[in-house]
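Below you'll find the structure, written out as structure tokens, and then a few comments.
Laboratory data are not the source of any read-out in this text; all were calculated from the coordinates shown. What you are looking at is a predicted structure, and each value in this text was computed from that prediction instead of being measured. Cβ placement follows ideal geometry from the backbone for every residue including glycine, while neighbour counts extend to all protein chains displayed.
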Amino acid sequence: MDDLKRHIREIPDFPKPGILFYDITTLLKNPQALRLALDRFAGLFAGHEIDKVVGIESRGFLFGLQLAYQLGVGFVPVRKPGKLPAQTVSQSYELEYGSDRLEMHRDAVAEGERVLIVDDLVATGGTARATAELVRACGADVAGLGFVVELTFLEGRKRLAGYDVQSLIRY
């Protein structure tokens, strides 16, 4: 974990005062660190039966698509409203100040499929929980949730109780 952690840049007071931002772009630009992260990520779920990987906009796309390739399964993007062209299902979720909404194509996952949900970071778990609800609304099962970075002090795992949650780096 620490060998990957050293590739995450910490930026104080971004996007607002008092927030410490964990920047993954420094990991992404280093080919050895990126390969190590992707290989470890795939290893976390190698024993799971997975039919699709769902990536959460937008950094979840970076890791989710590669994991889908490595696992030999399809990839599904979950996006902000109005970005997908076909019929969608949507789910609202609460933010620290307000709410937001996510959408997925209605036909992106099928009943009974086993889905791995991927994002770069889990904080409070709200976005991941909303994505899990989208997957379940389409009749698919959540096989697990994977994150590059987990902010343990925000207790996102509590919101994701009942799911297999894995992360590469924990703060």
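Listing Glu49, Glu103 from the residue with the fewest other Cβ atoms within 10 Å to the one with the most, what is the order?
On the way: Glu49 10, Glu103 20.
If I rank by nearby Cβ atoms, fewest first, I get Glu49, Glu103.
Kirkwood Rh, the range 98-154, all Cα pairs: how many Å?
Numbers: mean 1/r = 0.0830 Å⁻¹.
Radius from the Kirkwood sum: 12.0 Å.
Could you pull out every one of the aspartates and glutamates with an alpha carbon less than 12 Å from that of Lys5, ignoring same-chain neighbours closer than 8 positions?
The reachable aspartates and glutamates, counting only those whose Cα sits under 12 Å from Lys5, are Asp23, Glu150.
Which far-off residues, 5 or more places away or on another chain, put their amide H under 5 Å from the one on Val54, with H placed in the peptide plane?
Under 5 Å from the amide H of Val54: Val76, Leu116, Ile117, Val118.
Write out the trypsin sites (Lys or Arg not before Pro) in the range 1-105 meeting two conditions: DSSP loop, and at most 14 other Cβ atoms within 10 Å of their Cβ. Don't skip to the end; give the middle numbers.
Numbers: sites: Lys5, Arg6, Arg9, Lys29, Arg35, Arg40, Lys52, Arg59, Arg79, Lys83, Arg101; in loops: Arg6, Lys29, Lys83.
Qualifying residues, ordered by number: Arg6, Lys29, Lys83.
Residue-wise, which Karplus ³J(HN,Hα) couplings in Hz belong to the range 86-91, taking 6.51 cos²θ - 1.76 cosθ + 1.60, θ = phi - 60°, and x for glycine or proline?
With the stated coefficients, the range 86-91 comes to 9, 4, 10, 10, 9, 9 Hz.
Report the extension gain between Leu65 and Ser99 in nm, rounded to one decimal, defined as 0.36 nm multiplied by the number of residues separating them, less their alpha carbon distance. If you can, show how the numbers build up before the last one.
On the way: separation 34, 0.36 × 34 = 12.24 nm, distance 2.68 nm.
Contour length minus the Cα-Cα distance gives 9.6 nm.
What ranking of Val149, Val135, Val118 emerges when the number of other C-beta atoms within 10 Å of each C-beta is taken as an exposure proxy, fewest first? Working shown, then result.
Values: Val149 22, Val135 26, Val118 31.
Result, fewest neighbours first: Val149, Val135, Val118.
Would you please name the chymotrypsin sites (Phe, Trp or Tyr not before Pro) within the range 73-132 that are DSSP coil residues with at most 16 other C-beta atoms within 10 Å of their C-beta?
Details: sites: Phe75, Tyr93, Tyr97; in loops: Tyr97.
Sparse-neighbourhood loop chymotrypsin sites (Phe, Trp or Tyr not before Pro): Tyr97.
What order do you get for Phe147, Phe153 when you list them from fewest to most C-beta neighbours inside 10 Å? Walk me through the intermediate numbers first.
On the way: Phe147 28, Phe153 9.
Result, fewest neighbours first: Phe153, Phe147.
With Kirkwood's inverse mean 1/r over C-alpha pairs for Rh, give me the Rg to Rh ratio of the chain, two decimals please. Write out the running numbers ahead of the final one.
On the way: Rg = 15.4 Å, Rh = 16.2 Å.
On the Cα set of the chain, Rg over Rh gives 0.95.
Could you tell me the ratio Rg/Rh of the range 1-82? Both radii from Cα atoms, Rh via Kirkwood.
Working: Rg = 14.6 Å, Rh = 14.2 Å.
Value, to two decimals: 1.03.
Just to check I understand the Karplus step: with θ = phi - 60° and J = 6.51 cos²θ - 1.76 cosθ + 1.60, what whole-Hz values come out for the range 48-63, glycine and proline as x?
Karplus-based 3J(HN,Hα) across the range 48-63 equals 7, 8, 10, 9, 8, 10, 9, x, 8, 3, 10, 5, x, 5, 4, 8 Hz.
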